[in-house]
1. Quick check on region 15-37: of everything there that is surrounded by 16 or more Cβ atoms within 10 Å (Cβ to Cβ) and within 17 Å of Asp85 (Cβ to Cβ), which residue is nearest to the chain's Cα centre (by Cα)?
2. Picking from His14, His20, which residue would you name as being in contact (Cβ under 8 Å) with a residue 24 or more places away in the chain and either closer than 22 Å to Ala92 by Cα or touching a strand residue (DSSP E or B) at 6+ places or on another chain (Cβ under 7 Å) (or both)?
3. Considering only residues that are among the basic types (Lys, Arg) and in a loop (DSSP other than H, G, I, E, B), look in region 52-93 and name the one that is surrounded by the most Cβ atoms within 10 Å (Cβ to Cβ).
4. What is the one condition in (1) closer than 23 Å to Pro96 by Cβ; (2) in a loop (DSSP other than H, G, I, E, B); (3) polar (S, T, N, Q) that Thr23 does not satisfy?
5. In this structure, does Gln54 turn out to be modelled with pLDDT under 95 and more than 13 Å from the chain's Cα centre (by Cα)?
6. Please find, within region 42-60, the residue that is nearest to Gly31 (Cα to Cα) out of those that are out of contact with any Asp or Glu (no Cβ under 9 Å at 6 or more places or on another chain) and touching a residue at least 12 places away in the same chain (Cβ under 8 Å).
7. Kindly list, by first and then second residue, each pair from a residue in region 84-102 that is under 23 Å from Ser44 (Cβ atoms) to a residue that is in a loop (DSSP other than H, G, I, E, B) and at pLDDT below 95, limited to pairs with Cβ atoms under 6 Å and residues at least 6 apart or on different chains.
8. Just to be sure before I move on: is Ser44 among the hydroxyl-bearing types (Ser, Thr, Tyr) and surrounded by 16 or more Cβ atoms within 10 Å (Cβ to Cβ) in the structure I sent?
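The values are calculated or read from the model by the stated rules, or taken from the named source; none is laboratory data. All of these numbers come straight from a predicted model, not from anything done at the bench. Glycine gets a Cβ as well: all are built from the backbone with ideal geometry, and neighbour counts include every protein chain shown.
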Amino acid sequence: MNILLDECVPWPMHRLLAGHTCTTAQRRGWGGIKNGDLLRLAESEFGLFITSDQGIRYQQNLAGRQIAIIELSTNKLRRIEASVDVVCSAVAAIRPAEFLRLEIP
């Protein structure tokens, strides 16, 4: 799956997502683009958008979006790495247009 990591997600997280193609908004030249426009751009190339922006589901109208979105409860890399099984399971299970808030202990 092609995965876009939001600016607020640490890049080293891509190592946890073996078997997937990952890039960041910054690497695509999309740094600083607001979430609504970013999601519109991402939908044509990516199957999954991972963010730790806690307000995305409230700030954006996600109805009708085709891209799947995972919202991480933290952007702390050590906590994400400690929850690698939870993250990988969520990535494997998520379907197009689905939104999932993933609580990272």
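1. So the residue we want is Leu17.
2. None of the others qualify; the one that does is His20.
3. To start, the set of residues in region 52-93 that are among the basic types (Lys, Arg) comprises 57, 65, 76, 78-79.
Narrowing further to those that are in a loop (DSSP other than H, G, I, E, B): 65, 76.
Details: Arg65: 18, Lys76: 13.
So, considering only residues that are among the basic types (Lys, Arg) and in a loop (DSSP other than H, G, I, E, B), the one surrounded by the most Cβ atoms within 10 Å (Cβ to Cβ) is Arg65.
4. (2)
5. Judged against the criteria, Gln54 is not a match.
6. Ala42
7. The qualifying pairs are Pro96/Gln66; Ala97/Arg65; Ala97/Gln66; Phe99/Leu62.
8. So Ser44 fails the test.
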